[in-house]
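Undergrad: If you scroll down you'll find the structure; I have some questions about it.
The values are calculated or read from the model by the stated rules, or taken from the named source; none is laboratory data. Only a predicted model underlies this, so the values are computations on that prediction, with no experimental measurement involved. Methodologically, a virtual Cβ is constructed for each residue, glycine included, from the backbone with ideal geometry; neighbour enumeration extends over all protein chains shown. Ligands, DNA and RNA are stripped out before the accessible areas are found, and what is left, the full protein with its side chains, is counted by its heavy atoms. Shrake-Rupley method; radii C 1.70, N 1.55, O 1.52, S 1.80 Å.
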Amino acid sequence: MSTESWFFIIAGLVIFNYLFSNILDYLNHKNWKDEIPFELKDFYEKERYEKAKNYAISKNKISLYSSTLSFLLIICLLFFNGYGLLDRFVSQYDSSFIKSGLFFLILYIINTLISLPFSYYNTFVIEEKFGFNRTTKTTFFIDFIKSSFLSILIGGLLLFLALSLYNKFNEGFWLWLWIGLSLLMILINMFYADLIVPIFNKLKPLESGELREKIEKYSKEVGYMLKNIYVIDGSKRSTKANAFFSGLGPRKTIALYDTLIQKHSDNELVAVLAHEVGHYKKKHIFLGLILTIIQIGIMTFFFELCLSVPEISRALGGANNNFHLGLIGFSIIFSPISILSGILMKFVSRKNEFEADAYAKETFNGEDLALALKKLSADSLSNIYPHPLYVFFHYSHPPLIKRLRALN
Ligand SMILES: [Zn+2]
């Protein structure tokens, strides 16, 4: 295929992706109904329902502005040879590591400058207006510094790994990259709670008392080896409640947000834990890991394919074939495959959520889980009428109403 055809494929995909995601957002936005489903009458009184609707509208607006700006930037880079100029600028250096590193660092800085005001507005105007925000300006600023540093560190590491393998093996390097990325993903999964979370939050072991006893009693009953139970200071940033489970094998960790503990009864909390144990017992975690590894394999395979087509680099304005332009081209050309694999992953995930709910009902109590889900949804003003197509493409969890009906 000619350089020109590649250019039109790339530009066409950028335009398609932008339109596609905004049409989905629009459908979702139009799907709010006037009446409140009877299961939720006690949790979404009229006022709260209106509030949830307005919250979604505000969030939608900001995401439309932000995605439009990013879209325009990419279109400008494509049509005014921005990538090519950047490539010419970095080609004054000899080392391929410096060339590609600098290329992506500059793009990263431009992207950050665009997204930072939106993130600020989201936290201090929207979240504040709807009563969720607890972040101080200092925390926001420190978070920004830390996450930028972490992104550059991890991104740089990944780039170094990929480039080293590419320089060494050239043909067939995708296989090595696949192995490398899969190992890295497993490591991050294992040490997430020990290494990444403490950079942003304080984790304290859950104090002994009724809740801890109940959790330990349940874990023992179902034969789930739990290494750590932590409380995390989520209230530092938001009133929204959450919990996460991480670690593999003997390193399993559960972290409950302090906001979750404040708002829910002990039984509701154990029910939420039972749901997570369900994911583990039904082998969802293991299956998810395998699916992700397969996904990484498909990705690295196509990446090598894109790198072997010099016309892709040229379509982006490069004088000759190179790694960073190939990576940019790949990230756009791969997007339809990524949408397809996303659909599959989310389909499996939604099915697994039903199974984990059923497990919690079987081994603990379905009513406590239903109560926890309703409270969580109402507290975070989540959308109770997502559009089915939006769910199909974006939701990793089934809509609340479907989960409640399945629990009954
Ligand atoms: Zn789940």
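Undergrad: Going from most exposed to least, what order do T363, T259 have by accessible area with a 1.4 Å probe? Walk me through the intermediate numbers first.
TA: Values: T363 45, T259 5 Å².
Most to least solvent-accessible, the answer reads T363, T259.
Undergrad: State whether the stretch 143-256 is rounded, prolate or oblate according to the following rule on the C-alpha gyration tensor (a ≥ b ≥ c being the square roots of its eigenvalues): a/c under 1.5 gives rounded; otherwise a/b larger than b/c gives prolate, and the remaining case gives oblate.
TA: Judged from the Cα gyration tensor, the stretch 143-256 comes out oblate (a/c at least 1.5, b/c at or above a/b).
Undergrad: Still on this structure, please answer the following. What is the helix-to-structure angle for 173-191, meaning the angle in degrees between its Cα long axis and the longest Cα principal axis of the chain, kept from 0 to 90 and rounded to the nearest 10?
TA: Approximately 30 degrees, to the nearest ten.
Undergrad: Working with all protein chains in place, sort F301, F79, F200 by solvent-accessible area computed with a 1.4 Å probe, largest first.
TA: Largest accessible area first, the list is F79, F301, F200.
Undergrad: Here's something else I'd like to know. Could you list which residues have their amide H under 5 Å from that of N383, counting only those 5 or more apart in sequence or on another chain, with H placed in the peptide plane?
TA: none
Undergrad: Short version: ³J(HN,Hα) in whole Hz for each residue of the stretch 224-233, in order, from phi by Karplus 6.51 cos²θ - 1.76 cosθ + 1.60 (θ = phi - 60°), x for Gly and Pro, what are they?
TA: 10, 7, 10, 7, 9, 10, 10, 10, 10, 7
Undergrad: Taking a probe of 1.4 Å, how large is the accessible area per residue of the stretch 187-255, in Å²?
TA: Per-residue accessible area for the stretch 187-255 comes out at 55 Å².
Undergrad: Taking the Cα centre of the stretch 323-375 as origin and charging only Cβ (+1 Lys, Arg; -1 Asp, Glu), how large is the dipole, in debye to the nearest 20?
TA: Details: 6 positive and 6 negative charges, 48 e Å.
Here the size comes out at about 240 debye.
Undergrad: Based on the mean of other beta carbon atoms within 10 Å per residue, what is the order of 102-111, 352-361, 329-338, most packed first?
TA: Output ranking for 102-111, 352-361, 329-338: 352-361, 329-338, 102-111.
Undergrad: Taking Cα atoms, how many degrees apart are the long axis of helix 46-79 and the longest axis of the chain, rounded to 10 and kept between 0 and 90?
TA: The angle comes out near 10 degrees.
Undergrad: For the chain, what is the calculated [θ] at 222 nm in deg cm²/dmol (nearest 500), taking -39500 (n - 2.57) for each run of four or more DSSP H residues and dividing by its residue count?
TA: Only helices count here, giving -23500 deg cm²/dmol.
Undergrad: To continue, here is another question. With a 1.4 Å probe and every protein chain left in place, work out the accessible area per residue of the stretch 1-153 in Å², rounded to a whole number.
TA: For the stretch 1-153, the solvent-accessible area averages 60 Å² per residue.
Undergrad: Further, regarding this structure: What residues have an amide H closer than 5 Å to that of N201, excluding those fewer than 5 places away on the same chain, when H is modeled at 1.01 Å from N in the peptide plane?
TA: Under 5 Å from the amide H of N201 lies no amide H from a residue far enough along the sequence or on another chain.
Undergrad: Here's a follow-up. Can you list the residues, at least 5 places off or on another chain, whose amide H is less than 5 Å from the amide H of Y230, using H built in the peptide plane?
TA: Under 5 Å from the amide H of Y230: L206, I254, A255, L256.
Undergrad: Of all the C-alpha pairs in the chain, what % are more than 40 Å from each other?
TA: Tail of the P(r) past 40 Å holds 23 percent of the pairs.
Undergrad: Here's a follow-up. Over the chain, with every protein chain in place, what whole percent of the accessible area is carbon and sulfur at 1.4 Å, could you tell me?
TA: Of the solvent-accessible surface of the chain, carbon and sulfur hold 65 percent.
Undergrad: If you project the alpha carbons of the stretch 90-136 onto the principal axes, what extent comes out on each, in Å, largest first?
TA: 53, 15, 11
Undergrad: Excluding ligands and nucleic acids, what accessible area in Å² is computed for V391 using a 1.4 Å probe, to the nearest 10?
TA: Surface accessible to solvent at V391 totals approximately 20 Å².
Undergrad: Separate question: Let me cross-check M185: its accessible surface, 1.4 Å probe, with only protein heavy atoms counted, in Å² to the nearest 10?
TA: In the full protein context, M185 sits at about 40 Å².
Undergrad: Additional query: Among Y230, Y65, Y55, what's the order by accessible area (1.4 angstrom probe), most exposed first?
TA: On the way: Y230 50, Y65 130, Y55 15 Å².
Most to least solvent-accessible, the answer reads Y65, Y230, Y55.
Undergrad: Nearest 10 degrees is fine. How inclined is helix 323-333 to the longest principal axis of the chain, computing both from alpha carbons?
TA: The angle comes out near 50 degrees.
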